[in-house]
């Protein structure tokens, strides 16, 4: 009987995770589809390197806005309602991109689509972290990362099929419009999903929160977790909803800066230069457009496989060693691409070497850095700070992403492959040093335990742990 009850709880939780992570699938498809659509779009709109960069990066500029407002809206109306709103925005912005008659309409639609992507990048992992049990949180949150890379993989596959089998005339419109389908699935699915119990408690809706917990936990687990949430809120009761003024509090400032650091460094690897311009990189290396579209599918395949391995590793390995290993791998690969682009670019084998190295790069990125990024951001922020902290961190993530995506085609055009990847390798070396010094280990700890670790410090004078929030007022 108990096994049947436990299986029912697990089934309900699995449905919640699967439905909500369609937001990640949309995130991945909409960011990855431009990779293959851009060569055809460039011909139709007669684009140069700057306008190509604008089309790719305008989504990211919108995502920066969506990350900030998505986090705050999520705190105000709830995670569930916010995801429903984002599903609608995904759908209509996708139609706008697909039907765009000119560059201006395309940029506006890409910006609106970016708002949806940014909002989903904040809200979905937060929602999953708040419904997941602490011992399974890492694996469940990284299912969103799996859906993101799965969406990118699907984009690469559809790009390759449509780009090689269909005619060139307006084929990019068909590549883009496919994203409307998962948007519809996300909206319908979220109508049947319950709200986050942690958000419900924060709004004083305790009975509803306990009811949700009883659907996804055993009775004993539900009551225990409900009490933990209440205690965490009680400890923060003197705090108003977090905002920029709270950065004056040292421990909050430290948490937010760590979140920003994780977000920026994950993008400073240059990963999205490959995810957005992989086809263009392979063309620069020597592949024809049709071959580059097919070769780029390998990037999608390895991203999915590496993410599956990364999800498994999160249950075995700490967040810090995974992040540092990932950064060491990506930095070394970028350095190799730079060296070989300088010394062997004229050889017949060079295009295949570049393809092999981009695949290796993505194995380290998606297998180590990507999973740690979203799990760490969903873990380090206390409840009252979570929406704000995730919003600010992901804002910086998307701003970094925007800058890199805007300047990358210009760098390739003006500096060439070698110098461009040397620059990214140098940034990677700096990133390793920063993460080694500041990234906290959060594996195997409840969200409330993580919060306490940030709020307290060891006082040498009294030889005891002191609450940082209380100490500042003494």
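Quick notes on this one:
- Value of relative contact order over the chain, rounded to a whole percent, pairs C-alpha under 8 Å and six or more apart: 25 percent
- Peptides 405-412, 193-200 ordered by packing proxy, namely the average of other Cβ atoms within 10 Å per residue, highest first: 193-200, 405-412.
- Take every pair of alpha-carbon atoms less than 8 Å apart whose residues are at least six positions apart; their mean separation over the length of segment 276-364 yields a relative contact order of 44 percent.
- Stretch gain in nm, segment residue 207-residue 227, where the contour uses 0.36 nm per residue and the Cα spacing is subtracted: 6.0 nm
- Scattering curve values for segment 305-433, log₁₀ I(q)/I(0), Debye with Cα scatterers, q = 0.09, 0.11, 0.13, 0.18 Å⁻¹: -0.32, -0.47, -0.64, -1.09
- Overall form of segment 234-391 per C-alpha gyration tensor (a/c, 1.5; a/b vs b/c): prolate
- Residue order, fewest to most surrounding Cβ atoms within 10 angstrom, among 413, 30: 413, 30
- Residue 453 paired with residue 81, simple spin-label distance in nm, labels 7 Å along Cα-to-beta-carbon: 3.4 nm
- Residue order, fewest to most beta carbons within 10 Å, for 443, 316: 316, 443
- Once the chain from residue 316 to residue 11 is taken as fully extended at 0.36 nm per residue, the excess over their C-alpha distance is 107.4 nm.
- Cα long-axis angle, helix 22-45 against the chain (0 to 90 degrees, to the nearest 10): 20 degrees
- Packing, taken as the mean count of other beta carbons within 10 Å per residue, orders the peptides 169-178, 204-213 from highest to lowest as 169-178, 204-213.
- The order of the peptides 371-377, 51-57 by mean Cβ neighbours within 10 Å, most packed first, is 371-377, 51-57.
- Only one of (1) 1.15; (2) 0.94; (3) 0.98 was calculated from the structure for Rg/Rh (Cα atoms, Kirkwood Rh), and its label is (3).
- Whole-Å semi-axes of segment 380-444's equivalent ellipsoid (Cα gyration tensor): 31, 17, 6
- Net length available on complete extension from residue 332 to residue 108 is 76.9 nm, with 0.36 nm assigned per residue and the Cα-Cα distance removed.
- Radius of gyration over Kirkwood radius for segment 41-165, both on Cα atoms: the Rg/Rh ratio is 1.04.
- 0 to 90° range, to nearest 10: angle between helix 250-268 axis and the chain longest Cα axis: 20 degrees
- The separation of segment 56-83 from segment 246-325, counted between C-alpha centres, amounts to 20 Å.
- Relative contact order (%) - criterion: Cα under 8 Å, at least six apart; region: segment 297-430: 42 percent
- Divided by 2.2 N^0.38 Å, where N counts the residues, the Cα radius of gyration of segment 109-214 comes to 1.39.
- For the chain, the longest principal axis of the Cα atoms and the long axis of helix 271-285 meet at an angle of about 10 degrees.
- Residue 257 paired with residue 215, simple spin-label distance in nm, labels 7 Å along Cα-to-beta-carbon: 4.2 nm
All of the numbers you see were taken from the coordinates with simple rules; none came from a lab. Model, not experiment: these values are computed from the prediction. Note that each Cβ is placed from the backbone with ideal geometry, even for glycine, and that neighbours are counted across all protein chains shown.
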